[in-house]
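Taking it in order: structure first as structure tokens, then the write-up.
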Amino acid sequence: MDENQNITDVSPDIIRRAFQPNFFGLVQTTTSLLPLLRKATHAVILNVSTDVASNTRQSRPETSYHLVAYNTSKAAANPYTVSLAHELRKEDIKVNAVIPGSPLPS
């Protein structure tokens with residue numbers, strides 16, 4: 001992970017390593033499973049997002065989560081999920097994302 005590095009200090013290799021599982025892995029998994037999902041009677045695709053991919057959260061100066069590579073790789077997955085939902089709606093395949101929250105303090 002990029003460990004709170006400034007965007008100008010993060011190497012393209014670090015960004016690629018974050019995008020591989022978080023975006024391209026998502027695309028590859030979806031593409032591979034789509035033939036099976038199209039045959040299913042109640043198909044659902046549920047992608048895992050994160051609140052650190054939020055533009056709102058990133059624009060807050062007090063946030064401590066400026067993980068450029070991770071945040072952008074997860075943010076890229078959000079419009080992919082929305083586009084997939086629009087495209088697969090006519091096939092009755094439901095697509096959504098879940099954003100796990102921080103655990104509540106005990």
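The values are calculated or read from the model by the stated rules, or taken from the named source; none is laboratory data. As the structure is a computational prediction, the values presented were derived from the model and not from experiment. Please note: Cβ atoms are built from the backbone with ideal geometry, for glycine as well, and neighbour counts cover all protein chains shown.
Determine whether K74 is of a type outside the set (S, T, N, Q) and either surrounded by 13 or more Cβ atoms within 10 Å (Cβ to Cβ) or modelled with pLDDT under 90 (or both). When the stated conditions are applied, K74 passes them.
Here's the yes/no breakdown for (1) touching a residue at least 60 places away in the same chain (Cβ under 8 Å); (2) outside any helix (DSSP H, G or I); (3) closer than 13 Å to T72 by Cβ; (4) acidic (D, E):
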{"position": "T8", "(1), (2), (3), (4)": "no, yes, no, no"}
{"position": "N22", "(1), (2), (3), (4)": "no, no, yes, no"}
{"position": "Q28", "(1), (2), (3), (4)": "no, no, no, no"}
{"position": "T31", "(1), (2), (3), (4)": "no, no, no, no"}
{"position": "L36", "(1), (2), (3), (4)": "no, no, no, no"}
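For the stretch 17-71, which positions are modelled with pLDDT under 80, surrounded by 12 or more Cβ atoms within 10 Å (Cβ to Cβ) and not β-branched (V, I, T)? Matches in the stretch 17-71: D51, A53, S54, R57, Q58, Y65, H66, L67.
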